Amino acid sequence: MSDLAYWRLAAKTQNAKITSVMNKKSDEDTVIETAYLGLKKLITVFNDENVAYESCPAPKIAPRYNDYEHLSRAKEWLSGEDEEEQQDD
């Protein structure tokens, strides 16, 4: 018997969880097709130039520290300064 599952690994304070995406009524081809269509839909949405890529879409549940936060330059944008103001100084 085979299974396709999503594994959520967690720190000691949280519970790890394994969620099967297969059930007794689904077959592998159906699960694969559903995943493919979902991915295709996401690509279509984010391929739209009018869709914003948020650096922190859910700040209330975001981790306290993020290794990649500096790459978003969010603090720079939130400071209210633009490049012209910085060059005049």
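For the subset of the stretch 30-89 comprising residues that are aromatic (Phe, Trp, Tyr) and either assigned to a helix (DSSP H, G or I) or at pLDDT below 75 (or both), which member is farthest from SER20 (Cα to Cα)?
The qualifying residue farthest from SER20 (Cα to Cα) is TRP77.
Condition (residue is in a helix (DSSP H, G or I) and of a type in the set (Val, Ile, Thr)) applied to the stretch 6-24: is it met by at least one residue?
So far as the stretch 6-24 goes, no, none of its residues is in a helix (DSSP H, G or I) and of a type in the set (Val, Ile, Thr).
Return the pair list, or none, for Cβ contacts closer than 9 Å from residues in the stretch 25-49 that are within 16 Å of TYR6 (Cβ to Cβ) to residues that are polar (S, T, N, Q) and exposed (fewer than 10 other Cβ atoms within 10 Å of the Cβ), at least 6 apart or on different chains.
Partner pairs satisfying both residue conditions: GLU28/SER2.
The values are calculated or read from the model by the stated rules, or taken from the named source; none is laboratory data. From a predicted model like this one, the values you see are computed outputs, not experimental measurements. Every residue, glycine as well, gets a Cβ built from its backbone with ideal geometry; the counts of neighbours run over all protein chains shown.
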